[in-house]
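Here is the structure we will look at.
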Amino acid sequence: MSYAMIRAVVVEWLDDQYHFGDAEKLIGGNDELSFLDRAILDSLGFVKLVVHLEDLYRIKIDRKNLTRVNFDGMKKIVTYVLSHKDYRGPR
Amino acid sequence: MSLAEVEFAFFFPIVWLLYWLGPRRAGWQNAVLLVASLVFYATWSLQLLPLLLLTTAVDYVAASWLGKHPKPEDGQEHGGRRWVLALSLVSNLGALGYFKYAGFFVQSLSELLHLVGFQGGFAVLHIALPIGISFYTMTRVGAMLDVYYGRIPACRSPLVFFTFVSFFPQVIAGPIGRGGDLLPQYEVPRRLDAERLASGAFAFLVGFFMKAYVAERVAEYVGPVFQDPSAYARGLHWLSLFAYATQVFCDFAGYSLLAIGTGRMFGLELPENFRRPLLSTSLMEFWRRWHISLNTWLFDYIYGPMTTGTGFMRARYRLGFIVVFLASGLWHGAMWTFVLWGFLHGVALVVADRWDQFYKTLCRKDRRYVQLRRGGPYKVAAWGLTQGFFLLTLIPFRAPSLGVAWTFAKGLVVSGGSSQLEAEGPAHLVLIAGWLVAYHVIDFERFRQWRERFFALPTAARGVLYGLVIVFLAMFAPVGAGAFIYAQF
C-alpha cells in the first residue's frame with residue numbers, strides 16, 4: 001500500500017462525504033494544505049475521517065496523536081497512517 | 001470588580017506599570033499577574049478564593065506526578081496514572097458538582113418525590129456559586145487531560161501554573177485557556193511591543209463599546225418582557241427577543257474582547273472566542289463561531305474521545321450531539337431551562353446532520369444539487385433557518401423558568417398585553433442595529449479593504465477616532481454597566 005493509494009482513499013472519502021467530485025480541485029495538488037483553514041474538512045469531519053481510517057486500516061490512533069499537528073492536511077494524514085505501528089493495509 | 005467597571009480603570013494601570021517597569025523576567029511578570037489575579041478574584045469573593053487555590057494545587061501536584069510518570073512506550077496505561085488523573089477529576093468535578101449542581105439536583109429530586117406522592121422531601125440547599133468556577137475548572141481539566149495523554153509536558157513551575165489558571169481577565173468568564181497555547185507564553189519573558197499594545201487597546205475599546213453601550217442599552221428591552229411576558233404585546237415579545245440576542249452576543253463577545261485586549265497589553269495572546277457567529281449558515285458552523293473556546297473544549301475532550309473511542313458511543317455522531325449539548329446546557333446553568341436549551345440544540349444538530357445525509361444522496365445522483373447548495377438562495381434560506389432557530393432557543397436560555405419560557409413563546413404568536421415599554425427612544429436601537437450589521441459585514445471579502453484602510457490611517461487620526469468613541473461612551477453608555485451575563489455561569 002503506497003502513499004498514492006491511501007491518498008486516493010482519503011480523496012474518495014472527501015468526495016463522497018463532502019465535496020462530490022471537487023475534493024482534488026480543492027486540495028489543488030498541495031498535500032501540505034491545511035484542511036481546517038481551507039474548509040476542506042471541519043472538526044466533525046476529522047472525527048468521522050479518523051473513525052473511517054481506523055476501521056478501514058485496523059489501526060487505533062492514540063489520543064496523544066489525535067491533534068491538528070498530525071491530521072490537518074493530506075500529507076499528514078497519509079504519512080500518519082503509513083507510519084502507524086499496526087498498519088497492515090486495508091481491511 | 002469586572003473588566004468593564006470603573007475600579008478596573010485604576011487597577012489595570014497599576015498592574016500594567018508594575019509588570020512592565022519591573023525586571024524583564026518571566027518570574028517577575030508572572031508574580032505580578034498572579035498577585036493581581038488573586039486580588040481581582042478576592043474582590044468577587046474572598047471566602048471562595050481558597051477553593052480556587054486548593055483545587056489548582058491538587059492539579060499542579062497531579063500534573064507534576066503525571067509528567068514524571070509518562071505513558072510507557074508500549075502504550076499500556078498503568079493504574080497509578082489513572083488514579084492520579086481520577087484524583088484530579090474528582091477534585092475538579094467534585095467542587096463543580098457540589099457548588100453548582102448540588103442544590104439543583106436535590107431540589108429536582110425533592111420535586112420528583114413530591115410528584116409521585118412522597119411527602120416530606122429534602123431541605124433546599126443554598127450554596128454560593130464560586131465566580132468563574134465553570135471556566136477555571138475547564139481550563140484545568142483540559143490541561144490535565146493534555147498532560148495525561150502526553151500532548152503537552154507537565155508544567156514545572158507552580159508560579160506559571162497558578163498564573164495560567166487564575167489570570168484575571170480570563171478567570172471570571174473565559175475565554176477558556178488551553179495549556180498547549182498558553183503555558184509556553186507564561187514560561188518566557190514577554191516584551192513590550194507597540195503594535196501588540198495598540199492591537200490590545202483596540203480590542204479592549206471594541207469590547208467595552210459592545211458591553212457598556214450595546215449590551216446595556218438593549219437590556220432595557222429585555223428584562224421587563226422576560227420577567228412578565230403576559231403583560232406585553234406580541235410586537236414587544238419579538239423586539240425583546242431580538243434585543244436579547246443582541247445583548248447576549250455583545251455582552252459575551254464584548255467581555256471576550258476585553259479579556260483578549262487586556263491579555264495582549266500584557267504580551268499574552270488569549271484564544272479567540274467569537275468569529276462573527278451571526279453570519280453562520282448552519283448550526284454546525286454557528287457553534288464553530290460562537291463561544292469557540294467552550295465548544296472546541298467540548299469537542300476535543302468529550303465529543304471526539306466519545307465518538308472515536310471503543311465503547312458504545314463509537315461512531316454514534318448524532319447521539320454524541322445530544323450528549324454534548326446536554327452537557328453544554330448544564331454547564332451554562334443548573335436549571336431545567338438550560339437543559340431544554342441544550343437538548344433543543346442537540347436535536348437540531350441531529351436533524352441538520354440527517355438533512356445533510358439526505359442532501360448528499362441527491363448530490364451523488366445529480367451534481368446540479370451541489371450547485372444549488374452553493375447558490376445564493378440556498379445560503380439565504382439556510383442562514384434564516386439557522387439564525388431563526390438560534391433566536392427562538394434563546395427563550396429558554398433567558399427565561400427564569402420553563403413556565404415563563406412557554407408564556408413568552410406563546411406571546412410571540414398570540415396578541416394581548418401592553419404595547420408600552422419604558423425604555424430610551426428608538427434612536428439607540430437604530431444605531432445599534434446599524435453597528436451590528438456593519439460589524440458582521442466588515443468580515444465579507446469585498447469589505448475587508450475598509451478595515452485594512454482604517455488600520456492604515458496615521459496613528460493620530462486613529463487616536464482621534466478612538467477618542468470620539470470614548471466621548472460617545474461617556475455620554476450614552478448607561479451608568480452602572482459591569483455585570484456580565486456569562487460570569488453567572
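Does B:PRO50 satisfy being part of a loop (DSSP other than H, G, I, E, B), free of Cβ contacts under 8 Å to residues at least 24 places away in the same chain and not polar (S, T, N, Q)?
no
Of all residues in the range B:162-182, which are open to solvent by 10 Å² or more (accessible area, probe 1.4 Å), assigned to a helix (DSSP H, G or I) and farther than 21 Å from B:PHE8 by Cβ?
The answer is B:PHE162, B:GLY180, B:ASP181.
Got at least one residue in the range B:264-274 being without any contact (Cβ under 8 Å) to a residue 24 or more places away in the chain and in the same structural domain as B:TRP406 (by TED's automatic domain parsing)?
no
Looking at this structure, is B:PRO23 surrounded by fewer than 15 Cβ atoms within 10 Å (Cβ to Cβ) and within 14 Å of chain A (Cβ to nearest Cβ)?
Answer is no for this residue.
Please tell me if B:VAL370 is surrounded by 12 or more Cβ atoms within 10 Å (Cβ to Cβ) and without any contact (Cβ under 8 Å) to a residue 12 or more places away in the chain.
yes
Before we move on, is A:LYS64 at the interface with chain B (Cβ under 9 Å from one of its Cβ atoms) and open to solvent by 50 Å² or more (accessible area, probe 1.4 Å)?
Judged against the criteria, A:LYS64 is a match.
In this structure, is B:ILE442 farther than 30 Å from B:TYR101 by Cβ, within 23 Å of the chain's Cα centre (by Cα) and modelled with pLDDT of 80 or more?
Against the criterion (farther than 30 Å from B:TYR101 by Cβ, within 23 Å of the chain's Cα centre (by Cα) and modelled with pLDDT of 80 or more), B:ILE442 qualifies.
Quick one: what pairs do we get from the range B:411-427, first residue more than 7 Å from B:ARG234 (Cα to Cα), second assigned to a helix (DSSP H, G or I) and among the polar types (S, T, N, Q), C-beta under 6 Å, 6+ apart or different chains?
none
Quick check on my filter: what residues within the range B:450-470 are assigned to a helix (DSSP H, G or I), surrounded by fewer than 11 Cβ atoms within 10 Å (Cβ to Cβ) and not hydrophobic (A, V, I, L, M, F, W, C)?
B:GLU452, B:ARG453, B:THR459, B:GLY467
When you go through A:ILE6, A:ILE77, A:ILE40 one by one, which is the residue that is more than 29 Å from B:SER293 (Cβ to Cβ), buried (at least 18 other Cβ atoms within 10 Å of the Cβ) and of a type in the set (A, V, I, L, M, F, W, C)?
Selected residue: A:ILE6, the only one of A:ILE6, A:ILE77, A:ILE40 that is more than 29 Å from B:SER293 (Cβ to Cβ), buried (at least 18 other Cβ atoms within 10 Å of the Cβ) and of a type in the set (A, V, I, L, M, F, W, C).
Condition check ((1) assigned to a loop (DSSP other than H, G, I, E, B); (2) away from every other protein chain (no Cβ under 14 Å); (3) farther than 24 Å from B:PHE168 by Cβ) across all residues:
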site: B:PRO72; (1), (2), (3): yes, no, yes
site: B:GLU77; (1), (2), (3): yes, no, yes
site: B:LEU89; (1), (2), (3): no, yes, yes
site: B:SER108; (1), (2), (3): no, yes, yes
site: B:LEU113; (1), (2), (3): no, yes, yes
site: B:GLY117; (1), (2), (3): yes, yes, yes
site: B:HIS126; (1), (2), (3): yes, yes, yes
site: B:ARG140; (1), (2), (3): no, yes, no
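Can you pull out the residues in the range A:15-35 that are open to solvent by less than 60 Å² (accessible area, probe 1.4 Å) and aliphatic (A, V, I, L, M)?
Within the range A:15-35, A:ALA23, A:ILE27, A:LEU33 qualify.
For the range B:228-250, what are the residues that are surrounded by 22 or more Cβ atoms within 10 Å (Cβ to Cβ) and either of a type in the set (Val, Ile, Thr) or not assigned by TED's automatic domain parsing to the domain that holds B:TRP435 (or both)?
Hit for the range B:228-250 is B:THR246, nothing else.
Quick check on the range B:313-346: of everything there that is of a type outside the set (A, V, I, L, M) and within 14 Å of chain A (Cβ to nearest Cβ), which residue is farthest from B:GLN357 (Cα to Cα)?
B:PHE325
The values are calculated or read from the model by the stated rules, or taken from the named source; none is laboratory data. It should be emphasised that the depicted structure is a prediction, and the values quoted were computed from it without experimental measurement. Here Cβ is always computed from backbone atoms with ideal geometry, including for glycine, and neighbour counts include all displayed protein chains. Remember, those area values only see protein heavy atoms, side chains included, never the ligands or the DNA or RNA. Shrake-Rupley method; radii C 1.70, N 1.55, O 1.52, S 1.80 Å.
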